[in-house]
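No value in this document is a laboratory result; all are computed from the given coordinates. Nothing here was measured: the structure is a model prediction, and the numbers come from that model.
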Amino acid sequence: MSRLDSMIRRLQAQRAMLDLARDELTNVPGVVFELGLGNGRTYDHLRETMADREIFVFERKIAAHPTCIPDDDHLYFGELLETLGSAVEAHAGNVALVHADIGGPEADHCARMTEMLNTQIGPALSPGAIVLSDLGITIPGCEPLPLADGIQAGRYYAVRRAS
Ligand SMILES: C[S@@+](CC[C@H](N)C(=O)[O-])C[C@H]1O[C@@H](n2cnc3c(N)ncnc32)[C@H](O)[C@@H]1O
């Protein structure tokens, strides 16, 4: 598969999973954590499709499209390993959706980010909350959520906390 095809499938998987989460969370109140602003594409999709929710964004290097940068009250700027802990405390039990798109080419980085999600994100989640990630995650108290139709296993990961 060419890198172009791979990128297209990745973006399709992201959109399909974000839309699936929106539908699954209709009766689950709470805010959204967007981990990894990047270009701001998925942030923009979230704020358009989940307009009734507050979205908090985590990023260490702002390089997004200028129209896709959250205000200071909704941006945790800095290294996730330093910002996530206080955000989890501040929003404990009130996060309905975590979208973590923070992987990369370096195996060490992916391992650190996976470990961080597995060990730190749990207390933030409201009952019935969903965590989506480009990294394989195993979060205590959460079960795998079936992927959206047509999305291949391993392309994206989704778990749901018991309600
Ligand atoms: C693939 S991009 C996200 C793309 C985004 N979903 C979009 O649609 O444009 C990953 C982003 O995560 C950020 N990131 C990765 N690891 C991080 C960390 N440990 N702390 C803070 N930000 C991190 C990177 O700086 C990068 O901007």
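Could you work out the pair-distance distribution P(r) of region 2-80 from its alpha-carbon pairs, with 5 angstrom bin width and percents rounded to whole numbers?
3, 14, 24, 23, 18, 13, 4, 1, 0
Rounded, prolate or oblate: which fits region 51-130, taking a ≥ b ≥ c as square roots of the Cα gyration tensor eigenvalues, rounded meaning a/c under 1.5, else prolate when a/b beats b/c?
Cα axes put region 51-130 in the oblate bin.
Provide the percentage of antiparallel DSSP beta bridges, counting only those with both residues in region 4-163; round to the nearest 5.
30
Quick check on region 3-161: take the gyration tensor over C-alpha atoms, sort the square-rooted eigenvalues as a ≥ b ≥ c, and tell me if it's rounded (a/c under 1.5), prolate or oblate.
rounded
Largest first and in whole Å, what are the equivalent-ellipsoid semi-axes of region 105-161 based on the Cα gyration tensor, each being the root of 5 times an eigenvalue?
Working from the Cα gyration tensor, I get semi-axes of 18, 17, 7 Å.
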